[in-house]
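**Student:** Below: one structure in structure tokens.
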Amino acid sequence: QVQLVESGGGLVQAGGSLRLSCAASGRTLSRYVMGWFRQSPGKEREFVAAISRTGSITYYADSVKARFTISGDNARKTVYLQMNSLKPEDTAVYFCAADVSGIATTTPTHYDYWGQGTQVTVSS
């Protein structure tokens, strides 16, 4: 089992940057596909980015491609989401998730463990 804790959210102006962190306790991250999702009020949780077990393959939603970067540090058991050129539509609660199957997917229900989320607010 793994526990996930997100941090790094906050309020930023449009065009700014934030780096989210997801710290894992328990087993090493190399056992999991790690993903970032986000959810705005009244909307379904949506896929943002994912990284393979080895960290060699990354996946992004079209809406964040070229602006966001997911990375992992297995030694520190931490996954990061670097967010640049932020837009007001990026405002949401951002969640970190772990998938034990090892198959990267954009579907939230395939992920087994979730953090509590961190709020990101982008002002115009």
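**Student:** Quick check on region 16-37. Is at least one of its residues over 13 Å from the mean Cα position of the chain (by Cα), touching a residue at least 24 places away in the same chain (Cβ under 8 Å), more than 20 Å from LEU4 (Cα to Cα) and surrounded by 14 or more Cβ atoms within 10 Å (Cβ to Cβ)?
**Tutor:** The answer is yes, given that some residue of region 16-37 is over 13 Å from the mean Cα position of the chain (by Cα), touching a residue at least 24 places away in the same chain (Cβ under 8 Å), more than 20 Å from LEU4 (Cα to Cα) and surrounded by 14 or more Cβ atoms within 10 Å (Cβ to Cβ).
**Student:** Oh, and also: Please go through region 63-91 and give me each residue that is on the phi > 0 side of the Ramachandran plot and touching a residue at least 40 places away in the same chain (Cβ under 8 Å), ordered by number.
**Tutor:** Within region 63-91, LYS77, SER85 qualify.
**Student:** Could you check, for region 48-61, whether at least one of its residues is open to solvent by less than 50 Å² (accessible area, probe 1.4 Å) and closer than 18 Å to GLN119 by Cα?
**Tutor:** Yes; the residues of region 48-61 include at least one that is open to solvent by less than 50 Å² (accessible area, probe 1.4 Å) and closer than 18 Å to GLN119 by Cα.
**Student:** Yes or no: LEU86 of a type in the set (A, V, I, L, M, F, W, C), closer than 14 Å to THR121 by Cβ and either open to solvent by 50 Å² or more (accessible area, probe 1.4 Å) or in contact with a Ser or Thr (Cβ under 8 Å, 6 or more places away or on another chain) (or both)?
**Tutor:** The answer is yes for LEU86.
**Student:** Sticking with this structure for a sec: Kindly provide the set of residues from region 1-14 that are out of contact with any Lys or Arg (no Cβ under 8 Å at 6 or more places or on another chain) and in a loop (DSSP other than H, G, I, E, B), ordered by number.
**Tutor:** GLY9
The values are calculated or read from the model by the stated rules, or taken from the named source; none is laboratory data. Just so it is clear, the structure is predicted and the values come from calculations on it, not from any experiment. Cβ coordinates were reconstructed from backbone atoms using ideal geometry, including for glycine residues, and neighbour counts include every protein chain displayed. Areas reflect the complete protein model, heavy atoms only, side chains present, ligands, DNA and RNA absent. Shrake-Rupley method; radii C 1.70, N 1.55, O 1.52, S 1.80 Å.
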